[in-house]
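Read the structure below first, then the notes.
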Amino acid sequence: KPMENRISDIGPRKYDEFLPPVIKKNYGQWLYHEILEPGVLMHKAESGDEVYSVRVGAARLMSVGLIREMCAIADKHCGGHLRFTTRNNVEFMVDSKAKVKPLMDDLKSRKFPGGSLKFPIGGTGASTPNMVHTQGWQHCHTPATDAAGPVKAVMDEVFEYFTSMKLPASVRLALACCLNMCGAVHCSDIAVVGIHRKPPLKDHAVLDQICEIPLAVAACPTAAIRPTKIEIDGKQRNTVAIKDERCMFCGNCYTMCAALPLADAEGDGCAIMVGGKVSNRLSMPKFSKVVVAYVPNEPPRWPSLTKVIKQILEAYAKDARKYERVGEWAERIGWEKFFEVTGLPFTHHLIDDFRDHAYYTWRQSTQFKW
Ligand code: SF4
Ligand code: SF4
């Protein structure tokens, strides 16, 4: 495409070049939408046009082969269009009801060699949509847990809730593999966040060759790092000292200095948070709260993590009122009761959201019953 017709010469092409014709035609003129069955949405436009979207679960890290297969499905049924949602679902859109069944039959017929569905349909309404997640061990430098691995294990465990709409309301799951939290952990119904529990190691032998020491010092939010010198092979070398008791294991220093790694098989793992949401329905948006302080990393199938998430989800499914999100349910029954019905042990590390002053927390108020 000639450069002179571009808005700029960098970045992606303008988004509306990629819209399906029916969406371009009715842009900004939609009346309402309905969920016809799990995974199938119908959007009605003022002009009377309709768009049917079939939502399927997908992985965030995909092979080129799988992406090519998705594109071939989009070419065959959807005029070459498909979209990826922020929760790693894929939506195939068609412009008439007659095209929905052939598309769904095609999607259902495609299986992996072991027999599992390549394109499971679901993730709409009162379900668990696909789990939004971050980079994990494959792609980032500070993860305390993997992303794709635990997410696959969790989604396998809650699969029946992805393909149905039998929960009281939507339960949004999220995973961020460190406290930098590239995922929506603070505002999801049930969320997993990777946590380090040990201070960084100091690789003095290479530190002054690969790090800007002032940057590593300045990166520490708790002022735990100071420059120092150390003798190696009879030579004075510049390096850093870390006051371990001040360290909160955030990994900021490692971002600046690769000689301060803090990944550790024993120290790393996950915390579980619940009750966050961005929706305004029934109650204001909420931050999630920590309900499990530590679950170990157990690749490849993370059994302890998946067990706790299923435990929370099933207690919620059994006990919550229709339309009540996890946080609304926990607040109605009381957080004390939340620990009873989910069977999770309560410890002093839990549920405070740290918005109050450190010496006046919600747990220490007269409102808290324990
Ligand atoms: Fe990297 Fe942390 Fe983001 Fe995971 S959450 S991708 S470890 S910065
Ligand atoms: Fe400071 Fe965070 Fe590094 Fe600990 S991990 S020394 S708190 S920057």
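The values are calculated or read from the model by the stated rules, or taken from the named source; none is laboratory data. As the structure is a computational prediction, the values presented were derived from the model and not from experiment. Don't worry about glycine lacking a Cβ; one is built from the backbone with ideal geometry, like all the others, and counts go over all protein chains shown. Ligands, DNA and RNA are excluded from the accessible area calculation, which covers all protein heavy atoms including side chains. Shrake-Rupley method; radii C 1.70, N 1.55, O 1.52, S 1.80 Å.
So here's what we get for this one:
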{"item": "The chain - mean residue ellipticity at 222 nm from DSSP helices (-39,500 (n - 2.57) per run, n ≥ 4, rounded to 500)", "result": "-7000 deg cm²/dmol"}
{"item": "Extension gain (nm, one decimal) between Leu215 and Leu61, 0.36 nm per residue minus Cα-Cα", "result": "52.2 nm"}
{"item": "Helical segments meeting 18 Å axial Cα length and Kyte-Doolittle -0.5 threshold in the chain (DSSP H)", "result": "64-77, 303-319"}
{"item": "Within the accessible area of the range 13-88 (1.4 Å probe), percent carbon and sulfur", "result": "53"}
{"item": "Nitroxide proxy distance, nm - points 7 Å out along Cα→Cβ at Phe368 and Glu340", "result": "1.8"}
{"item": "FRET efficiency, 1/(1 + (r/R0)^6) with R0 56 Å, evaluated for Asp75 and Glu231 via beta carbons", "result": "0.25"}
{"item": "Eligible lysines near Lys243 by straight Cα distance, threshold 16 Å, same-chain separation 8 or greater", "result": "Lys198, Lys202, Lys229"}
{"item": "Set of lysines near Lys310 by C-alpha distance (under 22 Å), chain-local residues within fewer than 8 positions excluded", "result": "Lys152, Lys166, Lys277, Lys286, Lys289, Lys318, Lys322, Lys337"}
{"item": "Spatially proximal lysines relative to Lys76 (Cα-Cα < 27 Å; intrachain offsets below 8 disregarded)", "result": "Lys1, Lys14, Lys24, Lys25, Lys44, Lys97, Lys99, Lys101, Lys108, Lys111, Lys118"}
{"item": "For q = 0.08, 0.10 Å⁻¹, Debye-computed log10 I/I(0) when each Cα of the chain counts as one equal scatterer", "result": "-0.53, -0.78"}
{"item": "Diffusion coefficient, µm² s⁻¹, Stokes-Einstein with Kirkwood Rh over alpha-carbon pairs of the range 23-123 at 10 °C and 1.306 mPa s", "result": "113"}
{"item": "Extension gain (nm, one decimal) between Phe112 and Ala258, 0.36 nm per residue minus Cα-Cα", "result": "48.6 nm"}
{"item": "5 angstrom amide H check on Leu175, placed H, neighbours 5+ away", "result": "Val132, His133, Thr134, Ala184, Val192"}
